[in-house]
Amino acid sequence: MIRVVLPAHLRTLARVGEEVELELEGPATLRSVLDALEGGYPVLRGTIRDHVTGQRRPFLRFFACEQDLTHDPPDDPLPGAVATGAEPFLVVGAMAGG
Amino acid sequence: MSGVRVLIGTRKGAFVLTSDGKRDRWNVSGPHFAGWEIYHLKGSPAEPNRMYASQSSGWFGQMIQCSSDGGKTWEPVGNEFAYDGVPGTHQWYDGTQHPWQFARVWHLEPSLTDPDTVYAGVEDAALFRTIDAGRTWQELSGLRRHASGPSWQPGAGGMCLHTVLLDPSNPDRIFIAISAAGAFRSDDAGTTWRPINRGLKSEGIPNPSAEVGHCVHRIAMHPSRPGVLFMQKHWDVMRSDDAGESWQEVSGNLPSDFGFPIDVHAHEPETIYVVPIKSDSEHFPPDGKLRVYRSRTGGNEWEALTKGLPQSDCYVNVLRDAMAIDSLDSCGVYFGTTGGQVYASRDAGDSWAPIVRDLPSVLSVEVQTLP
């Protein structure tokens with residue numbers, strides 16, 4: 001079980017609380033977590049990754065276990081504590097704007 | 001008794017104002033989609049409780065919301081705006097070619113007859129259409145693929161398709177406008193397009209009379225005379241009496257012919273409204289006086305409408321989609337400012353009062369006249 005923490009606007013869109021719990025069939029990677037998140041909550045498609053390019057939106061970051069995983073290869077394994085659900089995977093909106 | 005519903009898009013959410021036909025007391029609902037930019041929301045002429053909203057964010061991209069109960073509740077629908085095929089390039093600010101990239105939906109224009117069909121004008125400039133109430137969107141790519149496409153370039157606000165006019169007498173005819181490419185017309189329901197910019201003169205481009213490259217800010221028509229178009233250009237107020245085949249300047253005695261919105265009286269097709277702005281580098285009213293100008297002669301002869309509007313120290317702007325007119329008698333005129341005020345006139349512009357005054361910066365105003 002993977003725990004995902006979303007920024008406030010995406011919680012509102014997906015109509016969820018602070019944390020979302022996901023079940024993955026394969027290894028926990030950036031790509032597999034985001035695929036499962038979008039599969040479970042189709043309204044989030046296009047809000048984290050661009051529909052056409054599949055690339056992360058520029059003002060979003062991915063953190064876990066006090067590490068910035070944003071630029072890690074999308075198919076690298078996430079930290080073990082994320083894979084076991086001990087620590088959450090955080091989708092974070094960059095501090096910018098007004 | 002009939003009533004009106006005013007739909008307001010702002011930098012930080014949407015607001016819906018309602019009143020009965022007297023239009024003297026207003027109920028304010030919102031913010032809807034708090035914190036998101038709402039470039040535009042509009043109701044279906046065929047089914048007024050069906051409404052669509054463009055919701056966007058620099059962080060999270062584009063959403064489209066749909067309401068079937070007059071804006072009380074909303075459901076997100078499709079948000080995938082994929083250009084048809086390989087999108088190619090257009091001219092960038094520095095003169096280089098730049099890939100077409102979707103940024104946001106500027107304007108939503110519901111079909112006149114089918115509540116499930118909506119046109120979306122987007123940045124980078126293209127026209128999309130849904131026929132399933134927003135679940136899926138398809139590009140009408142004949143516009144972007146026009147031979148002049150690679151020469152289109154963005155205005156300061158981005159290369160946006162901001163105006164979509166549907167001809168009520170001819171379902172195959174659509175007018176659109178792009179900053180800064182100009183106006184285009186389709187006579188085959190959006191399959192093919194041609195520029196309709198003859199007569200426009202823009203000093204900021206190498207050939208002032210070029211076929212494309214004009215920064216058209218807004219076009220308006222009266223539904224009873226769809227061949228007569230009125231245009232607020234970057235500079236110049238223009239009119240066409242032949243569906244855009246040719247344009248004549250009608251700026252006349254305006255204190256400035258720079259501005260953004262333009263609209264037409266509900267019952268007098270030769271009565272039009274603009275809000276003069278000082279210049280392209282000073283986006284506020286001349287002399288700090290917020291004045292709507294009305295022409296009852298289809299242009300050239302203009303009168304200032306000031307009663308109830310601030311006549312000193314006013315330095316707001318009124319954006320291109322932020323004016324609307326209801327169809328009561330006499331018609332109501334509404335406009336919103338970048339300072340968050342929405343002003344309304346119940347007497348076709350003779351007098352004005354704010355109906356809400358401390359919203360986030362207003363991006364768009366639409367009004368529905370309800371039975």
Name the pairs: first residue in the range B:161-175 and under 20 Å from residue B:214 (Cβ atoms), second residue among the basic types (Lys, Arg), Cβ to Cβ under 6 Å, at least 6 apart or on different chains?
-> B:162/B:320; B:163/B:218; B:175/B:185
Any residue in the range B:285-303 that is in contact with a strand residue (DSSP E or B) (Cβ under 6 Å, 6 or more places away or on another chain), free of Cβ contacts under 8 Å to residues at least 60 places away in the same chain, of a type in the set (Ser, Thr, Tyr) and closer than 30 Å to residue B:105 by Cα?
-> yes
Only one of these is out of contact with any Phe, Trp or Tyr (no Cβ under 8 Å at 6 or more places or on another chain), more than 10 Å from chain A (Cβ to nearest Cβ) and surrounded by fewer than 23 Cβ atoms within 10 Å (Cβ to Cβ): B:76, B:45. Name it.
-> B:45
Could you tell me which numbered condition residue B:90 fails, if it satisfies all but one of (1) buried (at least 18 other Cβ atoms within 10 Å of the Cβ); (2) away from every other protein chain (no Cβ under 14 Å); (3) under 30 Å from residue B:328 (Cβ atoms)?
-> (3)
Residue, surrounded by the most Cβ atoms within 10 Å (Cβ to Cβ), within the range A:45-70, restricted to residues that are within 13 Å of the chain's Cα centre (by Cα) and facing chain B (nearest Cβ under 9 Å) = A:47
Within the range A:71-98, restricting to residues that are within 14 Å of chain B (Cβ to nearest Cβ) and assigned to a loop (DSSP other than H, G, I, E, B), the one that is surrounded by the most Cβ atoms within 10 Å (Cβ to Cβ) is A:94
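Among the residues of the range B:60-80, which ones are outside any strand (DSSP E or B) and of a type in the set (D, E, K, R)?
At the first step, the residues of the range B:60-80 found to be outside any strand (DSSP E or B) are B:60, B:68-74, B:77-80.
Of everything in the range B:60-80, those that are outside any strand (DSSP E or B) and of a type in the set (D, E, K, R) turn out to be B:69, B:72, B:80.
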Single residue of B:35, B:70 found to be within 12 Å of chain A (Cβ to nearest Cβ) and over 20 Å from residue B:127 (Cβ atoms) | B:35
Would you call residue B:110 closer than 23 Å to residue B:366 by Cα and out of contact with any strand residue (DSSP E or B) (no Cβ under 9 Å at 6 or more places or on another chain)?
-> no
Looking at (1) free of Cβ contacts under 8 Å to residues at least 40 places away in the same chain; (2) away from chain A (no Cβ under 11 Å); (3) in a strand (DSSP E or B), can you tell me which one residue B:25 breaks?
-> (3)
All but one of (1) more than 12 Å from every other protein chain (Cβ to nearest Cβ); (2) in contact (Cβ under 8 Å) with a residue 12 or more places away in the chain; (3) among the β-branched types (Val, Ile, Thr) hold for residue B:96, so report the exception by its number.
-> (2)
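Per-residue answers, yes or no, for (1) among the aromatic types (Phe, Trp, Tyr); (2) in contact with a Ser or Thr (Cβ under 8 Å, 6 or more places away or on another chain); (3) closer than 23 Å to residue A:84 by Cβ:
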site	(1), (2), (3)
A:2	no, no, yes
A:15	no, no, no
A:20	no, no, yes
A:38	no, no, yes
A:41	yes, no, yes
Out of (1) at negative phi; (2) surrounded by fewer than 18 Cβ atoms within 10 Å (Cβ to Cβ); (3) free of Cβ contacts under 8 Å to residues at least 60 places away in the same chain, the one residue B:277 does not meet is (2)
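Can you tell me which residues in the range B:1-18 are free of Cβ contacts under 8 Å to residues at least 24 places away in the same chain and out of contact with any Asp or Glu (no Cβ under 6 Å at 6 or more places or on another chain)? It would help to see each step written out before you state the result.
In the first step, residues of the range B:1-18 are kept if they are free of Cβ contacts under 8 Å to residues at least 24 places away in the same chain; the result is B:1, B:18.
The answer is B:18, and nothing else.
Could you please find all residues in the range A:12-22 being surrounded by fewer than 16 Cβ atoms within 10 Å (Cβ to Cβ) and either acidic (Asp, Glu) or within 14 Å of chain B (Cβ to nearest Cβ) (or both)? Quick ask: steps written out before the conclusion?
Start the filter on the range A:12-22 by keeping residues that are surrounded by fewer than 16 Cβ atoms within 10 Å (Cβ to Cβ), which leaves A:12, A:15, A:17-19, A:21.
Scanning the range A:12-22 gives A:12, A:15, A:18, A:19, A:21.
When the residues of the range A:23-44 are filtered to those that are of a type in the set (A, V, I, L, M, F, W, C) and surrounded by 19 or more Cβ atoms within 10 Å (Cβ to Cβ), which remaining residue is nearest to the other protein chains (Cβ to nearest Cβ)?
We begin by selecting, within the range A:23-44, every residue of a type in the set (A, V, I, L, M, F, W, C); these are A:24, A:28, A:30, A:33-34, A:36-37, A:43-44.
Checking which are surrounded by 19 or more Cβ atoms within 10 Å (Cβ to Cβ) leaves us with A:28, A:30, A:33-34, A:36-37, A:44.
Values: A:28: 23, A:30: 18, A:33: 17, A:34: 14, A:36: 19, A:37: 13, A:44: 9 Å.
Result: A:44.
Going by what's in this entry, would residue B:109 be described as within 14 Å of chain A (Cβ to nearest Cβ) and of a type outside the set (A, V, I, L, M, F, W, C)?
The answer is no for residue B:109.
Coordinate-derived values only; no laboratory data. Just so it is clear, the model here is predicted, and its values are computed rather than measured. Note: ideal-geometry Cβ built from the backbone for every residue, glycine included; neighbour counts use all protein chains shown.
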